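To keep things clear, I will list the structure first and then write my remarks on it.
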Amino acid sequence: MLERSITEEVEAAIKAGSNEKHLDTLRQVTDLFLVSADGYTGEQIELFGDVLERLIRTIELRALADVSARIALAEMSAQFASIKQAPPAVVRRLAQNDEITIARPVLTESARLSAEDLVELAQTKGEQHLLAISGRWWLTEIVTDALLKRHYPSVSKRLVTNPGARMSASGYAIVLKQAEGDPDLAVETGIRVDLPADQRKELLKNATEAVRTRLLSRAPPHLFEEIRNAIAAAAAGANREMSRTRDFSEARRFVAALAKHGKLNEPALLAFAKERKYAETVAALAELSRSSIEVIRPVMQSLRDDGVLIPCRVAGLNWETVAAVLDSRFASGSMGRHELAKAREQYAKLTLENARRLLKFWQVRAVDAAPKPN
């Protein structure tokens, strides 16, 4: 009796061809289902699913441009999102809707969407749909992998801050690459409980000092020691690489010869820096800023960026060259976008007068600190 009455009502609504009648019937059938959803059999749920899906399809084809139709479908999505017995076919239909206000409720909450459904949606839908999925209270690795492969930074941030989203090592590899230029993402990733220890070390190795400090302050008690030890190891590795003893004698002679023949200029320094020829970069920057290797070497060994900017400003270097010089301090890797942007802002504010004054002071200090002949 129930099946016949519902089917007849829907048939009459569809034949009427009226948008208002379609929407009214959709609301009536939805209300009828919700009233007794807990008591319906599997067969009855399937019947409601067939009927509602047919109504939705009719509304989408004939009246999707109608605001009232979108509102009705969005309301239906919100009602069905938390219903465990909601017809799966209806939930999938709503989730696939291109209108995010309609899809979002079921994408975010409905338990009727399987992992396979979510993977398919992650592969085919846009950023807003992926963001909605990323906020679900529980996500398996197969789903997060599919979401991360789309490479939306906003989706990565949503997943990393979602404690119910399980992530694989391959998924984290994508996130770590994005985190190189995003300090906030780096911090949120670093405090994830399920981040593999080797990937946490990799993250901290490439992180800036500011990110490391923030990460340690945010570390949960059970991760504090692991993160602190990883930071110490990363910092020690960076210091060994940046401050180890180097022989600058050959580089000094080579750069002096270039200067003698008028071939030492900014393009030459840029080439040294891009090729990570550290000794030549230090010697060339010292020559172009009319300073000395004894002055330039300490600022190039520092993890801070501001000291390097002083001789660069005195030498009148363009930002491209300055950025390359900053990067050349490290044996591998590169500075993140945020870090470079901050350094560029500092460089723009640094006046030539102040830079010359500081460099002159450093030069005098270096001379005073040099060993005196007996």
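Here are some notes:
- Where GluC sites (Glu not before Pro) fall in DSSP loop in region 53-130, at most 16 other Cβ within 10 Å: Glu99
- Longest site-free stretch - the chain; sites: trypsin sites (Lys or Arg not before Pro), DSSP loop, at most 11 other Cβ within 10 Å: 85-243
- Accessible surface calculations at 1.4 Å, restricted to protein heavy atoms, place region 76-201 at 42 Å² per residue.
- Of the residues Val119, Val322, Val67, the one that moves most in a GNM of the chain with alpha-carbon contacts below 10 Å is Val67.
- In terms of Cα atoms, the Rg and Dmax of region 98-253 work out to 19.3, 73 Å.
- Size descriptor, Kirkwood hydrodynamic radius, that averages inverse alpha-carbon separations across region 48-123, Å: 12.2
- Taking the square roots of five times each eigenvalue of the Cα gyration tensor of region 61-172, the equivalent ellipsoid has semi-axes of 25, 15, 11 Å, listed largest first.
- Carbon-plus-sulfur accessible fraction, the chain (probe radius 1.4 Å, protein heavy atoms only): 52%.
- Pairs over the 19 Å Cα-Cα cut-off, from the set Lys149/Lys201; Lys125/Lys149; Lys149/Lys177; Lys149/Lys274: Lys149/Lys201; Lys149/Lys274.
- Of the options (i) 1.23; (ii) 1.10; (iii) 0.98, only one is Rg/Rh (Cα atoms, Kirkwood Rh) as computed from these coordinates, and that is (i).
The values are calculated or read from the model by the stated rules, or taken from the named source; none is laboratory data. Small disclaimer: the values here were computed from a predicted structure and weren't measured. Don't worry about glycine lacking a Cβ; one is built from the backbone with ideal geometry, like all the others, and counts go over all protein chains shown. The area values use the complete protein model at the heavy-atom level, side chains included, leaving out ligands, DNA and RNA. Shrake-Rupley method; radii C 1.70, N 1.55, O 1.52, S 1.80 Å.
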